[in-house]
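Participant: A single structure is presented below for examination.
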């Protein structure tokens, strides 16, 4: 956690932004009900953020537990393991985390992505709501609602259209939908007679947001995935050869601390693009912003290589520095598993997203680690000395198991 916070602090301090922005990095942060934040806030807290007062400008919050019950005059961005939004926002709200609970009110749009996303009965979204997660429960009110999930449960009232893409869809009795109900699911949706849909009910291959899932042949998909696999393998092999110790530290970090890698990956995934784009808004920070975004995209691409090395090393039971031929076999096998996971229905994309976040977090933490490298990479092939010549037959027990 300390490594992730240090990285965020460095990035924020080096970005060329307006002096009206206030950066706060503390173990915890609390704004009392009678307090007002007059400047734009960028908050990073190790344990929790409790916001009960008034924010006159935008708020960006990153922590483990976020309790947001205050009033936000402008945009609210929050990223945490647990987020509870029970306040009032007069502009857009964007939430990212493992468990999200929305019971407040926003006058404009809501975007929430997490493992579990729950919009309570008292929640009101003035305009559109986009909910993405494994389990999504909507019981509030919104103008238009879009849901992408593995399991979706809908009740409450939608003044406009409802679009749902999920493997399991439940529309509870008493739900009111003023517009159309369009769903994408492997099963037909059967509605209870107490569900009111004033528009049309139809099944569609069009996902929420207008994305149409392509339906290529199996042969085309295999060819495309094979092309991606070969390109990734070649690029990652070059990276391992050029930066063996850095790669080794990242692999070891992911083996020993997957939880910290996940948290650091979420922080980097949200903050690095934000810092880069904010820097590019000023002429002085244009080069810094472009460089930050370029590094971010490169690390995001390399992230799957770190996870692949960990998978391959675990399956082949290899630990510690390895000769390059062992790295090649572990990386090949690990990447093969990752690219094969794309074929898993409904969760393949989620798996790849998790892989990207874990690998990104391991790379970020390894930047500040000086530990000895773990699995990967002995840059030069390991050469074992030849056995001494002898006229007598060799005893098998005298041969070292690690010999040639």
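Participant: For a quick check of your reading: which strands (runs of 3 or more DSSP E) sit entirely within the range 42-119 and have at least 1 residues that are in contact with a helix residue (DSSP H, G or I) (Cβ under 7 Å, 6 or more places away or on another chain)?
Facilitator: Passing ranges, in order: 59-68, 76-85, 93-102.
Participant: Restricting attention to the range 193-220, which residues are at pLDDT 85 or above, assigned to a loop (DSSP other than H, G, I, E, B) and surrounded by fewer than 12 Cβ atoms within 10 Å (Cβ to Cβ)?
Facilitator: Once the filter is applied, which keeps residues that are at pLDDT 85 or above, assigned to a loop (DSSP other than H, G, I, E, B) and surrounded by fewer than 12 Cβ atoms within 10 Å (Cβ to Cβ), the range 193-220 yields 193, 194, 198, 200.
Participant: Among the residues of the range 26-39, is there at least one that is part of a strand (DSSP E or B), in contact (Cβ under 8 Å) with a residue 40 or more places away in the chain and touching a strand residue (DSSP E or B) at 6+ places or on another chain (Cβ under 6 Å)?
Facilitator: Taking every residue of the range 26-39 in turn, none turns out to be part of a strand (DSSP E or B), in contact (Cβ under 8 Å) with a residue 40 or more places away in the chain and touching a strand residue (DSSP E or B) at 6+ places or on another chain (Cβ under 6 Å).
Participant: Now, a different point. Determine, yes or no, whether residue 136 is within 23 Å of the chain's Cα centre (by Cα), at pLDDT 90 or above, surrounded by 21 or more Cβ atoms within 10 Å (Cβ to Cβ) and closer than 19 Å to residue 203 by Cα.
Facilitator: For residue 136, the condition - within 23 Å of the chain's Cα centre (by Cα), at pLDDT 90 or above, surrounded by 21 or more Cβ atoms within 10 Å (Cβ to Cβ) and closer than 19 Å to residue 203 by Cα - is not met.
Participant: Restricting to the range 306-327, name every residue that is over 23 Å from residue 360 (Cβ atoms) and either part of a helix (DSSP H, G or I) or at pLDDT 85 or above (or both).
Facilitator: Matches in the range 306-327: 316, 324, 325, 326.
Participant: Considering only the range 51-86, how many residues are more than 23 Å from the chain's Cα centre (by Cα) and more than 16 Å from residue 23 (Cα to Cα)?
Facilitator: 10
Participant: Looking at the range 221-275, which of its residues are over 12 Å from residue 363 (Cβ atoms) and not in a helix (DSSP H, G or I)?
Facilitator: Selection gives 257 alone.
The values are calculated or read from the model by the stated rules, or taken from the named source; none is laboratory data. Bear in mind the structure is a predicted one, so any value in this text is a computation, not a measurement. Every residue, glycine as well, gets a Cβ built from its backbone with ideal geometry; the counts of neighbours run over all protein chains shown.
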